[in-house]
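The values are calculated or read from the model by the stated rules, or taken from the named source; none is laboratory data. Keep in mind that this is a model prediction, so the values were computed, not measured. We place every Cβ from the backbone using ideal geometry, glycine too, and count neighbours over all the protein chains shown.
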Ligand SMILES: Cc1cc2nc3c(=O)[nH]c(=O)nc-3n(C[C@H](O)[C@H](O)[C@H](O)COP(=O)(O)OP(=O)(O)OC[C@H]3O[C@@H](n4cnc5c(N)ncnc54)[C@H](O)[C@@H]3O)c2cc1C
């Protein structure tokens, strides 16, 4: 009898397993494909490897103003993809090692919950018994019902685009969310002609509007259509409606980046009493499903679709389970909380964007009275010496005027993804703008701009 059986070895499942192992729980992890899930094999890691390669390419192309002459700079697409594959393989084997180190029993196969406490593995017919089951089966690309999308060789998903052999001359991306924009950034930097079609009024709809405007200024080579509805795809042509006019974009390849769907058998789970919606398995703030002893984490819950949110849920659930098993302690009584309102996000590429907390529009809609400051990146010493005079970027801070607590930080800056954890910590712990202003930021760093934004907000508070 296992203490925990985890279905799915992505960043939700393997992190839950690692934590459970550390806590001394007897743990089984079932994975039907490669450990690391979408994140390592088809998501975060391969795309960041590719984006890093084009960043180096761009820097080499524009190194003249920094005093470096580079001749015959070229992008070798197959070497770039090779490096990506090597990085993935290395990291997957790192997880295999981690599972061994923490005495996790890893089963290769497809796990199905037979009843609470029993999971079968389809390929071997084994049945495992466990006190707790964590469903961490993740998500996969969803194809919208657009006529002409099926059986079309020009169509790519975020999975299949990672295996192409050559750079397309042109690419039309349907969907201007994070996945769409990161691929747009990659291919445009690599030299592909890139078009983006987004149905909503703006790309990256979760991001602060002012930050999106600054981000878009850096994407001049990408042809972006917002408020545009795709009507049909005919071979390699995308027909869409924009402001009442019908338009067509023809491209060598078409990437569908309109969202992901949770991997779960809704009717089977519902028959077992596990409440679900079309978006995924319903969980409470402690990741409990409606059936005691069955938990769900990560993308399959539909609550947040990021690797670090899946891992945060996984780590917390293993701690909750250890509390139940070792001290008969209910999750509500533990010190562990999942910071649902303070999950940071990052959009990678050049420039990098990151944020945590509320956008200005959300704060205003909530009825809160705010003060805000937006500091342009060019006022920052390190940004200027590294990016030159033409770079764009900003740091925007939002503060609740009544409590002086920081409620949102939005960055369009190099290293934004490396800096945002500090603001996550600040917001999750209720830091005031004075706390940030009294924090010592090393000089010269790009992060000093956060300090500048706090000082500017204090100025506004005293106005
Ligand atoms: C192109 C792309 C780029 C991304 N970039 C980022 C990024 O930069 N940062 C970020 O935070 N997030 C990023 N994401 C999102 C991130 O990859 C996911 O949010 C994250 O992987 C979710 O983790 P998970 O553990 O919930 O599920 P997954 O990573 O999807 O893992 C689920 C695992 O469960 C397995 N599985 C499913 N059903 C069964 C079963 N019945 N039995 C056994 N195994 C099963 C699957 O094979 C899979 O390995 C990106 C996603 C994509 C597609």
Residue 151 meets each of (1) assigned to a strand (DSSP E or B); (2) away from the ligand (no atom under 14 Å from the Cβ); (3) closer than 27 Å to residue 264 by Cα with one exception, condition (1)
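With 6, 30 as the choices, which residue is assigned to a strand (DSSP E or B) and within 6 Å of the ligand (Cβ to nearest atom)?
Values: 6 fails: within 6 Å of the ligand (Cβ to nearest atom).
The conditions single out 30.
Residues are listed down the side, and each one gets a yes or a no for (1) surrounded by 12 or more Cβ atoms within 10 Å (Cβ to Cβ); (2) within 19 Å of the chain's Cα centre (by Cα); (3) away from the ligand (no atom under 15 Å from the Cβ):
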position: 39; (1), (2), (3): yes, yes, no
position: 49; (1), (2), (3): yes, yes, no
position: 61; (1), (2), (3): yes, no, yes
position: 83; (1), (2), (3): yes, no, yes
position: 106; (1), (2), (3): yes, no, no
position: 110; (1), (2), (3): yes, no, no
position: 116; (1), (2), (3): yes, no, yes
Exercise for the section: Taking residue 419 as the residue in question, decide whether it is surrounded by 15 or more Cβ atoms within 10 Å (Cβ to Cβ), in contact (Cβ under 8 Å) with a residue 24 or more places away in the chain and either under 30 Å from residue 180 (Cβ atoms) or under 26 Å from the mean Cα position of the chain (by Cα) (or both). Expected result: yes
Note on segment 9-27: residues within 9 Å of the ligand (Cβ to nearest atom) and either farther than 16 Å from residue 312 by Cβ or assigned to a loop (DSSP other than H, G, I, E, B) (or both) are 9, 10, 11, 12
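For residue 32, are the conditions met, namely being under 15 Å from residue 104 (Cα atoms), surrounded by fewer than 20 Cβ atoms within 10 Å (Cβ to Cβ) and outside the structural domain of residue 160 (by TED's automatic domain parsing)? Spell out the reasoning first.
Details: under 15 Å from residue 104 (Cα atoms): no; surrounded by fewer than 20 Cβ atoms within 10 Å (Cβ to Cβ): yes; outside the structural domain of residue 160 (by TED's automatic domain parsing): yes.
So residue 32 does not fit the description; no.
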Original post:
Quick check: is even one residue across segment 93-100 away from the ligand (no atom under 11 Å from the Cβ) and not in a helix (DSSP H, G or I)?
Top reply: no
Looking across segment 274-330 at residues that are more than 23 Å from the chain's Cα centre (by Cα), assigned to a loop (DSSP other than H, G, I, E, B) and within 16 Å of the ligand (Cβ to nearest atom), the single one that is nearest to residue 26 (Cα to Cα) is 289
Criterion first (in a strand (DSSP E or B) and either within 16 Å of the ligand (Cβ to nearest atom) or touching a helix residue (DSSP H, G or I) at 6+ places or on another chain (Cβ under 6 Å) (or both)) does residue 45 satisfy it?
no
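Between 173, 146, which is closer than 28 Å to residue 412 by Cα and more than 10 Å from the ligand (Cβ to nearest atom)? Break it down into steps so the answer makes sense when it comes.
Working: 146 fails: closer than 28 Å to residue 412 by Cα.
On inspection, the qualifying residue turns out to be 173.
Look through 175, 130, 125 and report the one residue that is buried (at least 17 other Cβ atoms within 10 Å of the Cβ) and at positive phi.
Numbers: 130 fails: at positive phi; 125 fails: buried (at least 17 other Cβ atoms within 10 Å of the Cβ).
Only one candidate qualifies: 175.
Got a sec? Which of 390, 403 is surrounded by fewer than 19 Cβ atoms within 10 Å (Cβ to Cβ) and either at pLDDT below 95 or in a strand (DSSP E or B) (or both)? Walk me through it before giving the result.
On the way: 403 fails: either at pLDDT below 95 or in a strand (DSSP E or B) (or both).
Result: 390 is the single residue among 390, 403 that is surrounded by fewer than 19 Cβ atoms within 10 Å (Cβ to Cβ) and either at pLDDT below 95 or in a strand (DSSP E or B) (or both).
If you go through segment 134-158, how many residues are closer than 18 Å to residue 310 by Cβ and either more than 25 Å from the chain's Cα centre (by Cα) or surrounded by fewer than 17 Cβ atoms within 10 Å (Cβ to Cβ) (or both)? Spell out the reasoning first.
Filtering segment 134-158 down to residues closer than 18 Å to residue 310 by Cβ leaves 134-142, 158.
Still in the running and either more than 25 Å from the chain's Cα centre (by Cα) or surrounded by fewer than 17 Cβ atoms within 10 Å (Cβ to Cβ) (or both): 140, 142.
Of the residues in segment 134-158, 2 are closer than 18 Å to residue 310 by Cβ and either more than 25 Å from the chain's Cα centre (by Cα) or surrounded by fewer than 17 Cβ atoms within 10 Å (Cβ to Cβ) (or both).
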Within segment 346-366, residues within 16 Å of the ligand (Cβ to nearest atom) and either over 30 Å from residue 384 (Cα atoms) or surrounded by fewer than 20 Cβ atoms within 10 Å (Cβ to Cβ) (or both) come out as 350
Residues in segment 445-463 that are closer than 14 Å to residue 382 by Cα and touching a helix residue (DSSP H, G or I) at 6+ places or on another chain (Cβ under 6 Å) total 3
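Working only within segment 48-67, note down all residues that are more than 17 Å from residue 188 (Cβ to Cβ) and out of contact with any helix residue (DSSP H, G or I) (no Cβ under 8 Å at 6 or more places or on another chain). Full working, then the answer.
Keep residues of segment 48-67 that are more than 17 Å from residue 188 (Cβ to Cβ), which gives 49, 63-67.
Once the filter is applied, which keeps residues that are more than 17 Å from residue 188 (Cβ to Cβ) and out of contact with any helix residue (DSSP H, G or I) (no Cβ under 8 Å at 6 or more places or on another chain), segment 48-67 yields 63, 64, 65, 66, 67.
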